[in-house]
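Participant: Quick one: the structure is below, questions incoming.
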Amino acid sequence: MNSVSMLLLCVAALLGLSVLAVAPVRTRAVHTLIYGGALAVSLIALGAAVAHIAIDGAADSTAVLPLGLPWLGAHFRIDALAAFFLAVVNLAGAAACLYGLGYGRHEEAPHRVLPFFPAFLGGMNLVILADDAFSFLLCWEFMSLASWALVMAQHRNPENARAGYVYLVMACFGTLMLLLAFGLLSGPAGDYGFAAIRVAEHGALPAALVLGFALIGAGSKAGLVPLHVWLPLAHPAAPSHVSALMSGAMTKVAIYGFIRIVFDLLGDPPWWSSMAVLIVGGVTAALGVLQALMQRDLKRMLAYSTIENVGVIFCGLGLALAFQASNMGWAAALALTAALFHVFNHALFKSLLFYGAGAVLTATHERDLERLGGLIHRMPATALFFLVGCAAISALPPLNGFASEWLLFQAILQSPELPQWGLKIIVPGIGAMLALSAALAAACFVKAFGIAFLGRPRSAAATNAQEVDRFSTAAMAILAALCVLTGIMPGLAIDWISPATLSLLGDRMPAQTIDPWLSIVPIAQGRSSYNGLLVFLFIAFSASIAVFAIHRFASNRIRRGPAWDCGFVEPSPATQYSADSFSQPIRRVFGTLVFRAREQVEMPPPGDSGPARHLVEQRDLIWDGLYGNIAGAIGFAADRLNYLQFLTIRRYLSLVFLALVILLLVLAI
Amino acid sequence: MTLIGDLILQGAQMLLVLLLAPLLTGFVRKVKARLLRRRGPPVIQPYRDLLRLLRKDVVLAENASWLFRVIPYLIFAATWVGAALIPTFATGLIFSWTADLIAIVALLGSVRFFLALAGMDVGTSFGGIGASREVMIASVAEPAMIMVVFTLALVAGSTQLSELAGFMSSPAVGLRVSLGLALIALIMVAIAENARIPVDNPATHLELTMVHEAMVLEYSGRHLAMIEIAASLKLLLYVSLIAGVFVPWGLAVSGGGPAAYAIGAAAYLVKLAAGGFLLALFETAIAKMRVFRVPEFMGAALMLGLLGALLLFVSRSL
């Protein structure tokens, strides 16, 4: 049995589980069956995908099912790129199932989650498997709808209902754009099979248009600015393991769609189109992380941070496009590898962080950072794993986030050799944006961990929190371990990505696993190298020496006492720094420009013992400026058109006649 | 046999930076005191302070977590590893390819990440204020540093520090505008990263302006000793980095023989002394700035770094 039929069977099994979950029996057993079954199926799918990558030079495996358009059928295919993304999606899926085994028990309305969860997993797999435009779009919509149903799981909350509405509108808009892209790709002949599209010639203008449509269509699903507005609403609204899947896996499926259309189907887009991708990516990265820093809702903060990481990935893709257009295959392979590696890493640590947020939510029923604190004492395991996730997403060596960020910087350092002046001017700026967003991400996750897990509890719920169940901690432990492992052995991951870059660009990074000590050397030893394993070992070694020497030869005694705080300790936990006060300096530095943030302090007059007030006002310029105006324009047009509903019969008849005349004129011309 | 020799050299470098770091701090303090016409403590005072702190009990706040106790060792180890990978007296040491300049910058980023977390652990307002300001400064200083790294890497065609230092001591470098910009930006970043005047004042306590000292306010005993020595190591790291890249003369190349190493070590000591003197001179000549002026200062560094990189993107010879 070839791998594509294996995966199609897995998808069928997932859809079967979905149907099973509709059964009116509501017991613990159904819950365990659904998540357990989905876990097993995801693991099998993961195994099949990994096997496809691991078998060097594995042939693409294809299948045609007699579904969909009668003259076309439904084509499915696994190549190196699809196998990589299938591995990412099914790894995140398996972790989500494991986490769901424990977390899902606290679900208020399980019948609103259980049927859609396996369907969502199956939908994501199908998008990656699809090999013709019709099935691709169909599966894409199926995935969107399944995730929409999961976003609406707690639909009585008006915020969630609004999130679901915005999500649905944006998803429809995105699919429309993809539809246009595929329409242009398949040309007047209308051959929707990817194989036919791949060999067809595309002119310069249609190619640029297709790239634009793909950027908007896939970008709206991935969360590119300014199409990101639905993401921070919808991702946190779903149950946490679904949030993790949406942020960790579904945005990756969108990125897969972009890569499939632009790198595979389109052939060679003109060089200047890469500038659009780079600029959108850089702006997305910087704006996403700044927004994340301003949040006090833990899950919404993570959703904004997803936007940042998607921006980072698109920067890598833009660089790869630029290098490819100038026939610098090795550099394009480096940039694409960096982007794909970051795809994998982000799936790992963002899932981990959402699980941590879910654990906090289970334990305290709070998402508001201002009501958390001190959880490291009450939830030690969750705290440790969340810390690993925070360090990984902040790109700290020797964890995995740093390895992909490092590769991306190495790719940027190759770009002065590009001949185009436009790229020469903007690429250093993109590098600065990436460095800025990495530094701000570190600030953001210091805030997340520091406010939620450190300090003193800010509410009774945080004081009485309990550690979560074993399934949840196991899922977090596995992902944290994977973050560390990929961080110290990045060469392994790079070698597994190489077949995908080879098939897309015809070039690959040099094999890394043959290097001594598992260091990664993108181009040559003399230019740059990094060894996560040795950095990790050195730090562990020096820290142990220091601990041993000091405890053995100096002092190892500890006395506990009240906190010092310059002698001003105030017992109320309200005197601690809060999430808002933590981000205040950064808000002052960047926020006045980006958010039009205004601060106002009202002091009571002397002698008055009333409280002082500090008001902060900030605006989301994209929502207000862009979407507000669009909504206003639509409302205005609807108001005008409303007039048409109250006409006399004569006017209606003349309108119909006029329409007929115009249509005939159009046909005649 | 050569392997053992290489390992010994690498070990010597690790010991050298560890032993010299408090001396550099003491030397800077002494020079500053003399410039202010005070006598100042002896240059070996930091060693005495460290020994005294190491022998004392740790007084731990009641709600301090395990993280609070682990972080001092972690940041000491990370800074030490970073400092050991910078070329001090010789280039091309056996582990010099383990981490390039970007990785070392990121390593210092991890130090800051964990130190900021330590500041927030006990849940006091001073710790929070320090952590919040530290990440604000870092959010501009780190991109500036990355831009400096880009400039250097584009000039030398490598992010490896040994290659970089080797290239900078070769005649191929010449006088370049971009390197001048990078040097100024690097010095500004180094001042901010080491919490020196005008960004922060290492000698202050109990003031609302402090950043670094506010984060470590709850530490005592051996934990404080670890943090102090990590701070000294960081100062040494930046001085060595500037010296190794911009004043690379006298650096021994790998396999150069004992004489070359001795010359390299002597040159290194001279460079450290000069760097420490200049730092003290600069610090006495300038006043500390308001904390919200710091982003402008760091923004200038970022712009200089960006300009340097941009010049190199436009022409490799600038």
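The values are calculated or read from the model by the stated rules, or taken from the named source; none is laboratory data. Only a predicted model underlies this, so the values are computations on that prediction, with no experimental measurement involved. With ideal geometry, Cβ positions are generated from the backbone for all residues, glycine too; neighbour counts draw on all protein chains shown.
Participant: Answer yes or no: is there a residue in the stretch B:171-192 that is over 22 Å from B:Pro295 (Cα atoms), surrounded by fewer than 24 Cβ atoms within 10 Å (Cβ to Cβ) and touching a Ser or Thr at 6+ places or on another chain (Cβ under 6 Å).
Facilitator: Checked against the condition, which is being over 22 Å from B:Pro295 (Cα atoms), surrounded by fewer than 24 Cβ atoms within 10 Å (Cβ to Cβ) and touching a Ser or Thr at 6+ places or on another chain (Cβ under 6 Å), the stretch B:171-192 yields no hits at all.
Table: residues versus (1) buried (at least 24 other Cβ atoms within 10 Å of the Cβ); (2) of a type in the set (Val, Ile, Thr); (3) in a helix (DSSP H, G or I).
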residue	(1), (2), (3)
A:Thr337	yes, yes, yes
A:Lys350	yes, no, yes
A:Tyr355	yes, no, yes
A:Ala363	no, no, yes
A:Gly373	yes, no, no
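Participant: Could you tell me how many of the residues in the stretch B:209-229 are within 10 Å of another protein chain (Cβ to nearest Cβ) and either within 28 Å of B:Ala267 (Cα to Cα) or assigned to a helix (DSSP H, G or I) (or both)?
Facilitator: Qualifying residue count for the region: 7.
Participant: Just to verify a result, which residue in the stretch A:541-561, among those that are at the interface with chain B (Cβ under 7 Å from one of its Cβ atoms) and assigned to a helix (DSSP H, G or I), is surrounded by the fewest Cβ atoms within 10 Å (Cβ to Cβ)?
Facilitator: A:Val547
Participant: Among the candidates A:Leu423, A:Leu482, A:Leu407, which residue alone is in contact with a strand residue (DSSP E or B) (Cβ under 9 Å, 6 or more places away or on another chain) and more than 30 Å from B:Thr124 (Cβ to Cβ)?
Facilitator: When all the criteria are applied, what remains is A:Leu407.
Residue-wise test of (1) modelled with pLDDT of 95 or more; (2) under 24 Å from A:Gln324 (Cβ atoms).
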site: A:Pro416; (1), (2): no, yes
site: A:Gly429; (1), (2): no, yes
site: A:Leu440; (1), (2): yes, no
site: A:Ala443; (1), (2): yes, no
site: A:Gly455; (1), (2): no, no
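Participant: Same structure, new question: Output the number of residues of the stretch A:500-531 satisfying the condition of being assigned to a helix (DSSP H, G or I) and over 23 Å from the mean Cα position of the chain (by Cα).
Facilitator: Total satisfying the criteria: 6.
Participant: I'd like to check something: does the stretch A:172-189 contain any residue that is of a type in the set (Gly, Ala, Ser), surrounded by fewer than 20 Cβ atoms within 10 Å (Cβ to Cβ) and not in a helix (DSSP H, G or I)?
Facilitator: yes
Participant: Can you name the residue in the stretch A:562-583 that is polar (S, T, N, Q) and more than 17 Å from A:Gly288 (Cα to Cα) and is also farthest from the other protein chains (Cβ to nearest Cβ) among such residues?
Facilitator: Ranking the qualifying residues of the stretch A:562-583, first place goes to A:Ser572.
Participant: Among the residues of the stretch A:437-453, is there at least one that is more than 22 Å from A:Leu348 (Cβ to Cβ) and either without any contact (Cβ under 8 Å) to a residue 24 or more places away in the chain or not in a helix (DSSP H, G or I) (or both)?
Facilitator: no
Participant: Moving to a separate point now. Mind listing whichever residues of the stretch A:518-540 are facing another protein chain (nearest Cβ under 8 Å) and of a type outside the set (A, V, I, L, M)?
Facilitator: A:Ser519, A:Gln525, A:Gly526, A:Arg527, A:Ser528, A:Ser529, A:Tyr530, A:Asn531, A:Phe538
Participant: Here is a further query. Evaluate the stretch B:69-78: report whether one residue or more is surrounded by fewer than 24 Cβ atoms within 10 Å (Cβ to Cβ), facing chain A (nearest Cβ under 7 Å) and among the aromatic types (Phe, Trp, Tyr).
Facilitator: Yes, the stretch B:69-78 has at least one match.
Participant: When the stretch A:1-31 is examined, which residues are found to be farther than 20 Å from A:Ala146 by Cα and either of a type outside the set (Val, Ile, Thr) or in a helix (DSSP H, G or I) (or both)?
Facilitator: Listed by number, the residues that qualify are A:Met1, A:Asn2, A:Ser3, A:Val4, A:Ser5, A:Met6, A:Arg26, A:Arg28, A:Ala29.
Participant: Mind listing just one residue for me: the one in the stretch A:389-406 that is touching a Phe, Trp or Tyr at 6+ places or on another chain (Cβ under 6 Å) and assigned to a helix (DSSP H, G or I) and, of those, nearest to B:Leu310 (Cα to Cα)?
Facilitator: Going through the qualifying residues, I end up with A:Trp406.
Participant: Out of all the residues in the stretch B:112-123, is one or more crowded, with 24+ Cβ neighbours inside 10 Å, modelled with pLDDT under 90 and within 7 Å of chain A (Cβ to nearest Cβ)?
Facilitator: Scanning the stretch B:112-123, I find at least one residue that is crowded, with 24+ Cβ neighbours inside 10 Å, modelled with pLDDT under 90 and within 7 Å of chain A (Cβ to nearest Cβ), so the answer is yes.
Participant: Another question about this same structure. Test each condition in (1) within 14 Å of chain A (Cβ to nearest Cβ); (2) surrounded by 19 or more Cβ atoms within 10 Å (Cβ to Cβ); (3) within 21 Å of the chain's Cα centre (by Cα); (4) modelled with pLDDT of 90 or more for B:Leu235 and report the one that comes out false.
Facilitator: Condition not satisfied by B:Leu235: (1).
Participant: Would it be correct to say that B:Gly299 is in a helix (DSSP H, G or I) and touching a Ser or Thr at 6+ places or on another chain (Cβ under 7 Å)?
Facilitator: In short, no.
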